[in-house]
Amino acid sequence: MTRALIQTDGLTKQYGSLLALDHCKLGVNEGEVFGLLGPNGSGKTTLIRLLMGYLKPTAGWAKIDNLDCYHDSVAVHARLSYLPAEVRLFFNMRGRDVLKFFARMHPAGDFERAIQLAERLELDLSRLVAFCSTGMKQKIALVSTLATRTPLVILDEPTSALDPTVRREVMALINEAKREGRTIIFSSHVLSETEATCDRVCILRRGKLVHTEALASIKREHRIRARITGPFPTIPDNLRQDVELLESSEKEVVMQTASDVATLFGWLGTLPIDQVRIDPISLQAVYDRYHGTQEIDPT
């Protein structure tokens, strides 16, 4: 039976009149890759900082492994490794020394593993951090985070400043961590990465968690656009739970299905239509229900 490693209930953070996170109720299972989606200001980083115990909730609570994230933050930190959205490293240290420092700081640190991951990402660890590019600093921080052998990994915008080739390798490392049974919280603006990596996603909007869905469910959904040659009949009772009529006119209908589209072929064959287009629903389409096309990278 799957166990929830992360739980929140009524989790709220308010700064004066600004409600950064509003009564968030969430559960993340062990061994799951869970994606956080939303534009800047939607509450993603606030949620992560509350999970880290860096912020005191205005109301509600968050727990990791049944430990209160704020009151038991030291014990919580021993169970996770964390990559913040804004990476800051010691400028006067070389890359190798940074990895060694963080490996020694965390009880689950693994310097040898960090060196192996650095080689995979083709990092020059002899260079001073002060002379590293933004992308190189991001890779050093990523290596340090993923090399730490904790049951939970929290990644806030892990591929920012990385080129597409390195992004693919980072996604491979995340998938390897999942196969090891680790739980991963993954915040990103890149929908293709989220779609390829996460088991479930949640969408935040203005501090509220407005939607949670499994990627497997999204991939089963399809949009059907058909040109009709006569009156469009009522959707049969046995299909109404699976088919939603989105648009209807004298010439065209648009429907959406949440089930296997093959089960609809028999019914579609009885309709007065002469052209049909069936497209899978993407994560972008789900995201656009709540945010339109703002501030998200589909690539």
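Can you give the angle from 0 to 90° between the axis of helix 164-179 and the longest principal axis of the chain, with both taken from C-alpha atoms, to the nearest 10?
The answer is roughly 90 degrees.
Out of the total accessible area of the chain (probe 1.4 Å, heavy atoms of protein only), what percent is carbon and sulfur? Can you show the working numbers first?
Details: 7290 of 14900 Å².
Summing carbon and sulfur atoms, their accessible area is 49 percent of the total for the chain.
Put Met255, Met105, Met93 in order of accessible area, largest first, 1.4 Å probe: what do you get? Don't skip to the end; give the middle numbers.
Working: Met255 0, Met105 130, Met93 45 Å².
Largest to smallest exposure gives the sequence Met105, Met93, Met255.
Helix-derived [θ] at 222 nm for the chain: sum -39500 (n - 2.57) over DSSP H runs of at least 4, divide by residue count, nearest 500? Walk me through the intermediate numbers first.
On the way: 10 runs with 91 residues, N = 299.
After summing the helix terms and dividing by the residues of the chain, the value is -8500 deg cm²/dmol.
Could you work out the local net charge near Arg225, counting Lys and Arg as +1, Asp and Glu as -1, over the other residues with Cβ closer than 13 Å to its Cβ?
0
Identify which of the listed values of Rg/Rh (Cα atoms, Kirkwood Rh) was calculated from the structure shown: (1) 1.06; (2) 0.94; (3) 1.02.
Matching entry in (1) 1.06; (2) 0.94; (3) 1.02: (1).
Counting only protein chains, not ligands or nucleic acids, how are His77, His291 ordered by accessible area (probe 1.4 Å), most first?
I get His77, His291, largest accessible area first.
Which ³J(HN,Hα) values in Hz, rounded to whole numbers, follow from the phi angles of region 189-201 under the Karplus curve 6.51 cos²θ - 1.76 cosθ + 1.60, where θ = phi - 60° and Gly and Pro get x?
Couplings: 9, 9, 5, 5, 5, 4, 5, 7, 10, 7, 7, 9, 9 Hz.
Could you give me the ³J(HN,Hα) list for region 137-149, computed from phi with Karplus coefficients 6.51, -1.76, 1.60 and θ = phi - 60°, whole Hz, x at Gly and Pro?
Coupling constants for region 137-149: 4, 5, 5, 4, 5, 4, 4, 4, 5, 6, 6, 6, 8 Hz.
If you count the DSSP beta bridges with both ends in the chain, what percent of them are antiparallel, to the nearest 5?
Bridges in the chain are about 70 percent antiparallel.
From the backbone phi of region 60-71, what are the Karplus-calculated ³J(HN,Hα) couplings (6.51 cos²θ - 1.76 cosθ + 1.60, θ = phi - 60°) in whole Hz, Gly and Pro given as x?
In residue order, the calculated couplings are x, 8, 9, 10, 10, 6, 6, 9, 5, 5, 8, 6 Hz.
Return a whole-number percent for the relative contact order of the chain, with Cα pairs under 8 Å and 6 or more residues apart as the contact set. Don't jump to the answer; show the numbers that get you there.
Details: 575 pairs, mean separation 58.4, N = 299.
Computed value for the chain: 20 percent relative contact order.
Whole number in Å², please: accessible area per residue of the chain, 1.4 Å probe, ligands, DNA and RNA not counted.
On the way: 14900 Å² over 299 residues.
Roughly 50 Å² per residue, with all protein chains present.
In region 39-198, what % of DSSP beta bridges are antiparallel (nearest 5)? If you can, show how the numbers build up before the last one.
On the way: 3 of 12 bridges.
Taking every DSSP beta bridge with both residues in region 39-198, the antiparallel ones total about 25 percent.
The values are calculated or read from the model by the stated rules, or taken from the named source; none is laboratory data. All figures in this text were calculated on a predicted structure; none of them were measured in a lab. Don't worry about glycine lacking a Cβ; one is built from the backbone with ideal geometry, like all the others, and counts go over all protein chains shown. The accessibility values were calculated without ligands, DNA or RNA, using every heavy atom of the protein model including side chains. Shrake-Rupley method; radii C 1.70, N 1.55, O 1.52, S 1.80 Å.
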